[in-house]
Each structure stands twice: as structure tokens, then as C-alpha cells.
Amino acid sequence: MLAKLIAPWSRAARESGRPLAAIVLEALRLRRGVGQLGFSEYLDFGLYRSDLDAAQKSAFGGWRAQGVLEEILADDYSRFLSLDKITMYTLLAGYGLPIPRLRAVYGSPRPAVLPFIATPAALADFLRSPGALPLYLKPSLGAYGRGNTLVRARAGEGLELGDGSTVPVDAFCASLDDPHGLGWILQEPLTPDRHIAEICGDKISGVRIHTFLARGGPVITKAIWKISIGREDSDNFRHGASGNLLAAVDPASGTVLRVIAGTGFGQRVDPPHPVSGKPLVGFALPHWPAIADLVRQAAQAFPGFLCPGWDIAICDDGPRILEVNFFGDIDLSQHAYRQGFLDPAFVALLRERGLDGLLRGPAGEREQSPKNGRWGRRSHHWDW
């Protein structure tokens, strides 16, 4: 057991040419720092290497630091607006912002503007009806693309799914479990812009964009292109398990700066697309000015999310908002850019709002704000 625990650290020492003790001490320092990096996270980000200095490594955050940022930057009262995608889409549509066309809702009664399908049998009838397919289904309350399914066409008495498999219609409908009671969204499938499709295939390779609601208005801080390799119906990275790639994008121009596949010791940098073989670095994402304008406009619809993560589909006719995350995982940008989320530019934005001091220290759950009545010092800054 001890040998198994030591093995990755010994490998890190060999690959970096650094003493094992120096690596372990550095990992301990980063664990105690503002980023609260776990030991496995230290290895996953390859911080044992010598290409970054101590300050640059200290800017990397782990899941504990992400939790702190979520407490600071996402209003508890507002979170449901992103957790329930039907509510999110309704709000975005009300502002006239582009979203996928919603065809129906299954399993969760909503106002009649959205057709409601109540039972598995009724859903099966809907899927068998002329013109129903293709269709993209996803749970209204869900994350990481779990459950997202593209139904391409009828195949006899079955359905042809996005991964090429077929499943009986009734069995598919019976499998759509909804423990949360918020139902499933049935929406029109989107197809990528033709320039993206030439490289990545016919499934959406969306871009995750972090905006920050600065005093002067929303600014883009990070942009990560999530590159599909076609195996799954979602472009999610899933810590490298999906096989999909990540790319760091220049927020000013929309040009791909750096690409990664996988994490940890097996991470590859700047590979071509594994299916098409086409290069990715230097590719300019289509419609970038429209994408940048869209997320800056949309950020004003969610004043309770100071640093949301936007998932944007890039289609031939322009961008569509797939979802807004009230914050969004920081590991995506850290892998893609090889740069800590808590970099000087981001900390400066926190400082502008007087929030940088909340990164350290206890949450102060017993402290009640005289301004808004909330408990916890990381909630005192909200104006409501």
C-alpha cells in the first residue's frame, strides 16, 4: 500500500528531475495556500514540473478553493435560476437571447407555453410521431452532461442514438428516471458551424466562457473550447475520461492558444484532433465578436452570479446559449491555459469589489450581516 502511494510521487520526481522531498514540500505548501490544492490535484495539474514559478503555482485552485469562490461569487438565492434549466431558458428567452428551440418538457408540468408530456407511454407516442426526430434530451436538473442523449432517428421499433447504438422506444422512455421532479427537456438538436464541423465532426463543440461582473460591466476572464471527438453526445471533459479535448482561447480574438488531452502524467499538449487529424492551435472560433457580445449581455440577466460559466454552442447562424453555470469548474481553464484560476488579473477583479479578503480565513457561519441579515462573512457583500 505504501509503495502504491509513493509511486506517483517518485515518477513526478523522475520526470521533473527534482528531488522527491522538494516536490512533497511544494505540494504541502500549495495545500496550505489560498488555492487549497489537494495532493492528487497537484499531480493532475503537473505542478511538479519546473516551467512555472512559485507565484504561478500558488494561483492554482483545488475543489476546496472552488467551494470558497462559489460562496463568494454565487448568490444562494439565485442559484436555482441555473440549476433548473427550464427556468434558465425561460428567463433567457424572455430577454430575447438565443437558446436552442425547446420542443417539449417531459415529466415536470410547466406553464402551457411548453408542451408537457406526462408519462413514458405518452413520450413513446411522441417519439414515434412524424417529424419528432431528431431530438436532443437532457435533464432539467443535471450537470457534466450526464443523461444528455441525442436521438437521431427511428430504427424500426427502436431509436438510433447519437453514439450509433439502437434501443427499443419503450425501453428508452422507461429509462428516463427523474429523482428531482424537474423533468427532461426535449429540444431541437444543434449542429456546429461548418468550420468547426470540418475539424470536430457533427456534434457540438461548445465554448465555456467565464465572465466577471465588474463595476464597469461584465468582462470575459477565461474562454475554453470543449472539443468533441464524437464518442459522446456531450462535449464535457469529465476530467479527461470522455476523451474530449480542451483548448485555451484568447478572449480578445477567439483564437486557440493551447490544447490538452487528458490529465496528469498522461496529459498531451497541442495534439491534433484525434479523429480528423487536423491542427487545433491557431484555429479562430467563428462568430467570436458575436459570442463575446452575447455573454456580456447575458451576464446582466443574472446579477446574483458575479462569475458565471457560460456554455455556448457555435452554429452557422451564430451562437446559442446552452446553459449558464452559477460558477463553473475551475479545473477546465487551469488545464487548458496551464494557468491558475486565481491569477493576478482575476484577483484584481475581486479586489475591485472588495472581495479578495474573503479568500482566506473561516466562513464565519455565526456572523450575521447588519446589511442583508445573512449568516456567514462570505455573504455579507450582497445588497439584498
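Rule-based calculations on the coordinates, nothing more; no lab input. Not measured: the values here are computed from a predicted model. So basically every Cβ, Gly included, is an ideal-geometry build from the backbone, and we count neighbours across all protein chains shown.
Summary table below
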{"read-out": "Sequence-separation-based contact order of the range 102-187, relative, with Cα cut under 8 Å and 6+ spacing, percent", "value": "36"}
{"read-out": "Projected area, mean over directions - the range 109-150, Cα convex hull, nm²", "value": "3.7"}
{"read-out": "The range 268-346 shape via C-alpha gyration tensor axes, a/c threshold 1.5", "value": "oblate"}
{"read-out": "Contour minus Cα-Cα distance for Arg154 and Asp51 (0.36 nm per residue)", "value": "31.8 nm"}
{"read-out": "Dipole magnitude of the chain about its Cα centre (Cβ charges: Lys, Arg +1; Asp, Glu -1), debye to nearest 20", "value": "980"}
{"read-out": "Cut-off 20 Å (backbone N to label point 7 Å along Cα→Cβ of Lys278), residues of the range 191-218", "value": "191-208"}
{"read-out": "Mean Cβ count within 10 Å, highest first, over the residues of peptides 168-178, 137-147", "value": "137-147, 168-178"}
{"read-out": "D_trans [Stokes-Einstein, Kirkwood Rh over alpha-carbon pairs] for the chain, 4 °C, 1.567 mPa s, µm² s⁻¹", "value": "58"}
{"read-out": "Rg ratio (alpha-carbon, reference 2.2 N^0.38 Å) - the range 1-105", "value": "1.62"}
{"read-out": "Difference of contour (0.36 nm per residue) and Cα-Cα distance, Val113 to His195", "value": "26.0 nm"}
{"read-out": "Extension gain, Tyr144 back to Leu2 (0.36 nm per residue minus Cα-Cα distance, nm)", "value": "47.8 nm"}
{"read-out": "Mean separation of Cα contacts under 8 Å, 6 or more apart, over the residue count of the chain: relative contact order %", "value": "17"}
{"read-out": "Residue-averaged [θ]222 nm for the chain, counting only DSSP H segments that reach four residues, each worth -39500 (n - 2.57)", "value": "-8500 deg cm²/dmol"}
{"read-out": "Shape parameters for the range 102-187, alpha-carbon atoms, Rg then Dmax in Å", "value": "12.1, 35"}
{"read-out": "Net charge contributed by nearby residues that have their C-beta within less than 12 Å of Ile99 (K/R +1, D/E -1)", "value": "0"}
{"read-out": "Efficiency of FRET between Gln300 and Ala21 - r from beta-carbon atoms, R0 35 angstrom, step 0.05", "value": "0.10"}
{"read-out": "Descending semi-axes in whole angstrom, ellipsoid equivalent of the range 190-278, from the Cα gyration tensor", "value": "23, 16, 12"}
{"read-out": "Rg and Dmax [Cα atoms of the range 33-160; Å; Rg one decimal, Dmax integer]", "value": "21.5, 61"}
